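Below you'll find the structure, written out as structure tokens, and then a few comments.
The values are calculated or read from the model by the stated rules, or taken from the named source; none is laboratory data. Predicted, not measured: the structure shown is a model, and the values here were computed from it. No Cβ is skipped: glycine too gets one built from the backbone with ideal geometry, and neighbour counts run over all protein chains shown. Surface accessibility is based on the protein's heavy atoms, side chains included, excluding ligands, DNA and RNA. Shrake-Rupley method; radii C 1.70, N 1.55, O 1.52, S 1.80 Å.
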Amino acid sequence: MKPAPFDYVRPRSLPEATALLSDESANAKIFAGGQSLGPMLNLRLARPAKLVDIRNIQALRAVRVDEKSYSIGATLTHAEIEDGAFEDFSQGLLPFVARGIAYRAVRNRGTVGGSLSHADPAADWVSTMAAIGATMVVHGPAGERRVPAEQFLVGAFTSKLGATELLTAIELPRLSATARWGYYKVCRKTGEFAKAIGVTIQDPRAGIFRVLAGSTEGRPVLLARSGETLATQGADRAAGVARQEIEEVLPHLEPGHRQQLAVAVQRSLQKISLLETV
Amino acid sequence: MASEGIGARVLRKEDARHLRGRGQFVGDIRIPGMLEVAFVRSPVAHALIRERKKPAGFENSVIFNDDMPGVLPITTRSSIPGYKVSDYPALAAERVRFVGETIAMCVAPNRAAAEDLCELVDIQYEELDPIVNCATGRASGVKPLHDGWTDNLFLRTSFDQGMDEVIAKAPVVVELELSTARQTMHPMEGKGLVAWWDHRAGQLVVHTSTQVPHMIRIGLAECLGIPQAIIRVAAPDVGGGFGYKCMLMPEEVAVAWLAYTRQGAFRWIEDRREHLTAGANARQHEYKIKAYADERGRFLGLDADVAVDCGAYSVWPFSACLEAAQASGNLPGPYDLKAYRCSTFSVATNKPPFAPYRGVARPGVCFAIELTIDAIAKAVGREAWEVRLENLVAASAMPYTNVTKKFYDSGNYPASLLEVKRMIDFDRIRSEPRRDAKGRYLGVGFATYTEQSAHGTKVFAQWGLPLVPGFDQAHVKLTPDGALEIKAGIHTIGQGLETTLAQIAHEQTRVPLKDIRVVLGDTANTPFSTGAYASRGIVMTGGAVSVASEIVAGRIKSIAAHLLQVRPEDISFRDGAIFAGEASVSYEDVGRAWYMRPDQLPDDVDRGGLEATGAYKPQIDSGVFSYASHAAYVAVDAETGLVEILDYAICEDCGTMVNPMIVDGQTIGGAAQGVGTALFEESPYDDNGQPLASTLIDYLLPGPTELPRFRISHMETPSPYSAHGLKGVGEGGAIAPAGALVNAINDALAPLNAAVHTIPASPERILAAIAAAKPTLNDAA
Ligand SMILES: Cc1cc2nc3c(=O)[nH]c(=O)nc-3n(C[C@H](O)[C@H](O)[C@H](O)COP(=O)(O)OP(=O)(O)OC[C@H]3O[C@@H](n4cnc5c(N)ncnc54)[C@H](O)[C@@H]3O)c2cc1C
């Protein structure tokens, strides 16, 4: 389990990185935390001719804050988010999610952008960003474009990122102080990828009522009807709707898997109602 | 001075280097000029090899079977009638029989370059239908995996005693179909070896990560066709073995051949992917059980059909049949059972060759018999522990010869069961609601087992194995400065023998523990031992160390008596010195007298000097039986299928404990692996014989957060038949968890009328069991 030979470069700026990536025939690949790419290289499932290590590009570590939204750089690590290396505008959701990813050693190196770009349906950030309604900022030879997080995955391990493009940042809405969220994973063991993820975010002040089922073997699924029910009739009612909606929108999954998704979503909703009653 | 002998809770001598990362494992060994080996392995489960081509310019760095003329395949003969022999080649030439089988050896300056070379080797396959499970493999008319075989079984056995009578009149009959998953053993350190040619000694030196260095020397000499005298096998630190490292592996033969023929240094270090695929070789059984009982749940008879998914070849020396033999012999467990019928099928399949993993067959049979007991209890409407108690061999019946002629030497099995029932607080659990605040279902389960340990000559001969253990030997020597050196051919693989053997020597000689050194596992300087397996080390080698130390202690006394001018009977050991009344000499004085100032000694001094080789085996070859009861308390989330272990209690008895902390360590480590067997670990194969768990993402090992705090209590019933009353304890912990945990899960699921019969009890299996019991999922919510 040793990688095939490759070249390694460490650009210091975004234009430099884009230039390295723009020549498709060079077969270059971005290397961020290496926590997914490393094993793929060792298993020789990924065989790039060149690795472009983006960890030294300061611009990719920036945090920018507006009144309603903020953006976080793609190479911030799970551990930095967990530790509160920058001010939290998610009412605790991002640090909570970060803390539940893998083990600390993986979190020390793994990056939020790497996780999203890797596009594993079971990854925590893939579900979280889609649930929160984040926007991916993508930079390529043709300039910058934005993709809604909920549409970012095309399927398992494929995203809307082109081979010459780079995810630079993620823009998120600021959650208000009255926001409530529930995040529930079904995992067989600590640090393992989730079998099912349920996310609920409710922020009446910002008009956010979103319910999501993740780790679905493909793009995470926003449960529109459950979200509406949450907005109009509350979390307990939404929990009943969610099970039905999952049966409808994910008919191709194994019944056991649908069951686990339903439970994850229901428990994320339950968390909201528990918070409401406090 | 606090005691350091048998029974003392002393820290392990080996820990200082291991805790500081200063152990020396195979991967730490560097020999100048050493080259790395990587293997081209079969990507298909079953195929004829049509063509093999080396890349141009690398003819010497790529080795095929034909490049190794005279090297024999690994062949395990057996004296059991009906046993079929398989030839397991170091490198396959004409046919491959499992994914991961070695076909070519590629040599390069480093592993990455060796793997690059592997990719350039061109092998053409003509695929054949694979046999991927027992059902296909034992069906009549299936084409056998090996030429010249009449059916596809390595062996078929049957045992039948007294069943006909029972079947006719038993009021209660319980039927069960059970299965256990294929597993990989996952020692923390994988397999690996460095082999090099020692020009000075004129010897092939093999540093291999093994439990059985002396056996590996025999096996290598046979396969390479060279004299044993020119092979030295020296095992370095070994980071866990569990049975994976008690067999001769094709990679060992191939790399040793390279070093021998090229007179250079070569190494191969197994990586985790190789282990997960080519090493998926343990535990997979299938059971069809029919149990007969009376209205109280007393066992009247047991009828079992047991199939073992043996993989493609027989391993050496333990053969493809040890597992089934152990299964058939141990299925009756600790129970008083008079009538028993058992047919076993050792089925050849296109999977890696089956090897004996910690507990050898018993985790499977314990799971089977313990689920059977619970099913009987359910059928007669009693608590499972009561039915268990009803059937356990009573202390008053000891020693007890069971229906398969196993001789249970000593112990109180019912007491261990009652103790774990108390520890787990069974009565409180039963008085409380069956669901917790989160709505999870709660359940408690038990399992009791016996662990035949240190079984010897006659037992292994009866299993027909090519290499039968006899006496184990150890060499003990007092050095000129009064320290003690112990040499034994067994090896320590993490079980603490450097400490426990020293404790036994201390018991006899009273030389302070810090002055006792233990050297193990090197054929160049240790007496012969078949090695570390079958929970035999402390009994066999411990016994040999005891014998040798006793001899040396006597000689120390004689010389000391002369120096103090008293009779040897007047000498006693105390406080690290040698006394006659108030007068004393030191161990160093004695050593110096023999080695450096023999002029001080009388002419008739014992010329054996201050060293001796002792040999030992217990008075009986049938083994000494450790045993334990386990109790598990679990919460099952019926919506997700996830299980949490709330509490876990163990009451074990391994006879006299040399070091209770090491007994605890062995028990906890084994039980952790048992939790893996029960809930997590599984190497599934698809219909093409492709292993589906090729990384640790797919193969789940329990981690610290998945394991309970095992609570252990000890009983200590010395065996009347072994030195110091010792019994083995290496394997036991791993045996019972699957039985106890799945019984607990099924107890929890009882209100839903669901039960799991396959391990691991994964969330999917638990949800499927619930769904099968209730047609719609929605009800569970
Ligand atoms: C043992 C283990 C357990 C894990 N458990 C979890 C878990 O529970 N939950 C979870 O969510 N994740 C888990 N992970 C994955 C982990 O979060 C990884 O860190 C993450 O998926 C990849 O991030 P990275 O920065 O390491 O990316 P890398 O491995 O460096 O890259 C991954 C892929 O993304 C591309 N890429 C990286 N950055 C960019 C970018 N900015 N723009 C475009 N493409 C880019 C790379 O080219 C590569 O294809 C686990 C990983 C391990 C090893």
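The residues of region A:180-277 expose, per residue, 41 Å² of accessible area to a 1.4 Å probe.
Of the GluC sites (Glu not before Pro) found in region B:1-86, the ones in coil according to DSSP and having at most 11 other Cβ atoms within 10 Å of their Cβ are B:Glu59.
If DNA, RNA and ligands are ignored and the probe is 1.4 Å, what is the ranking of B:Met715, B:Met68 by accessible area, most exposed first? Before the final figure, lay out the partial values.
On the way: B:Met715 40, B:Met68 10 Å².
Per-residue accessible area, sorted high to low, gives B:Met715, B:Met68.
Computed per residue of chain A from DSSP H runs no shorter than four, each worth -39500 (n - 2.57), the mean residue ellipticity at 222 nm is -10500 deg cm²/dmol. Quantify how much of the Cα-Cα distance distribution of region A:60-173 extends past 25 Å, in percent. Looking at region A:60-173, the distances longer than 25 Å represent 14 percent of pairs.
Here the relative contact order of chain B, from alpha carbon pairs under 8 Å that lie six or more residues apart, stands at 16 percent. Here's the picture: charge each Lys and Arg Cβ at +1 and each Asp and Glu Cβ at -1 in chain B, and of B:Ala505, B:Ala397, B:Cys342 the one pushed furthest to the positive end of that dipole is B:Ala505.
Computed from backbone phi, the HN-Hα couplings of region B:295-301 come to 5, 8, x, 6, 4, 9, x Hz, rounded to whole numbers (Karplus: 6.51 cos²θ - 1.76 cosθ + 1.60, θ = phi - 60°; Gly and Pro given as x). How high is the relative contact order of region A:180-277? Use alpha-carbon pairs under 8 Å, at least six apart in sequence, and give a whole percent. Relative contact order for region A:180-277 comes out at 32 percent.
Contact order for region A:76-184, expressed relative to its length and based on alpha carbon pairs under 8 Å spaced 6+ residues apart, stands at 26 percent. In the full protein context, region A:60-173 carries 38 Å² of accessible surface per residue, based on a 1.4 Å probe and ignoring ligands, DNA and RNA. The contact between chain A and chain B removes approximately 2300 Å² from the accessible area (both sides summed; 1.4 Å probe; ligands, DNA and RNA excluded).
Give me the Kirkwood hydrodynamic radius of chain B in Å, from all C-alpha pairs, to one decimal place? All intermediate terms of the calculation are to be shown ahead of the outcome.
Working: mean 1/r = 0.0363 Å⁻¹.
The Cα-based Kirkwood calculation yields 27.6 Å.
Straight-distance candidates among the lysines for linking to B:Lys290, with alpha-carbon spacing under 25 Å and chain neighbours fewer than 8 residues away dropped: B:Lys169, B:Lys338, B:Lys378, B:Lys405, B:Lys406.
In region A:185-203, comparing the full protein assembly with the chain on its own, the residues that lose 10 Å² or more of accessible surface at a 1.4 Å probe are A:Val186, A:Cys187, A:Arg188, A:Lys189, A:Thr190, A:Glu192, A:Phe193, A:Lys195. In region B:638-655, burial by the other protein chains removes 20 Å² or more of 1.4 Å probe accessible surface, compared with the chain on its own, from B:Glu639, B:Thr640, B:Leu642.
When N counts the residues of region B:656-765, how does its alpha-carbon radius of gyration compare numerically with 2.2 N^0.38 Å, as a ratio? After normalising by residue count via 2.2 N^0.38 Å, the value is 1.34.
Across the accessible surface of the protein assembly as shown, with the other protein chains kept in place and a 1.4 Å probe, carbon and sulfur atoms take up 51 percent. Using Cβ point charges alone (K and R +1, D and E -1), the dipole size of region B:306-412 about the Cα centre works out to roughly 220 debye.
Show B:Thr758, B:Thr102 ordered by accessible area, largest first, where the area counts protein heavy atoms only and the probe is 1.4 Å.
If we order B:Thr758, B:Thr102 from most to least accessible, we get B:Thr758, B:Thr102.
Dividing the summed helix terms, -39500 (n - 2.57) for each DSSP H run of n ≥ 4, by the number of residues in chain B produces a 222 nm estimate of -8000 deg cm²/dmol to the nearest 500. Highest mean first, the peptides B:233-240, B:498-505 sorted by other C-beta atoms within 10 Å per residue fall in the order B:498-505, B:233-240. Could you tell me the center-to-center distance, by alpha carbons, between region B:658-693 and region B:270-338 in angstrom? For region B:658-693 versus region B:270-338, the Cα centre distance is 16 Å.
Counting Cα-Cα pairs of the protein assembly as shown in 20 Å increments starting at 0 gives whole-percent bin shares of 12, 37, 36, 14, 2, 0. Taking the Cα centre of region B:514-580 as origin and assigning +1 to Lys and Arg Cβ atoms and -1 to Asp and Glu Cβ atoms, the resulting dipole is close to 40 debye. Enter the Cα centre distance for the pair region B:567-646 and region A:48-63, rounded to the nearest angstrom. One Cα centre to the other: 61 Å. Accessible surface for chain B, divided over its residues, is 35 Å² per residue with a 1.4 Å probe.
Residues of region A:233-278 that lose at least 30 Å² of accessible area (1.4 Å probe, protein heavy atoms only) when the other protein chains are present, relative to their chain alone, are A:Arg243, A:Gln259, A:Gln260, A:Arg267. Annotation: B:Val99 carries an accessible surface of approximately 20 Å², with a 1.4 Å probe and no ligand, DNA or RNA atoms counted.
Checking the cross-link filter: which lysines have an alpha carbon closer than 24 Å to that of A:Lys271, excluding same-chain neighbours under 8 positions apart? Excluding near neighbours in sequence, the set is A:Lys185, A:Lys189, A:Lys195, B:Lys438.
Per-residue packing, averaged as other Cβ atoms within 10 Å, sorts the ranges B:199-207, B:370-378, A:95-103, B:278-286 into the order B:278-286, B:370-378, A:95-103, B:199-207, beginning with the highest.
Placing unit charges on the Cβ atoms only, positive for Lys and Arg and negative for Asp and Glu, gives region A:180-277 a dipole magnitude near 280 debye about its Cα centre. Enumerate the lysines that B:Lys557 could reach by cross-link, defined here as Cα to Cα under 25 Å, with residues fewer than 8 away along the same chain left out. Within the straight-line limit of under 25 Å, B:Lys557 reaches these lysines: B:Lys477, B:Lys487, B:Lys514.
Using only Cα coordinates, the Kirkwood hydrodynamic radius of region B:1-160 works out to 20.0 Å.
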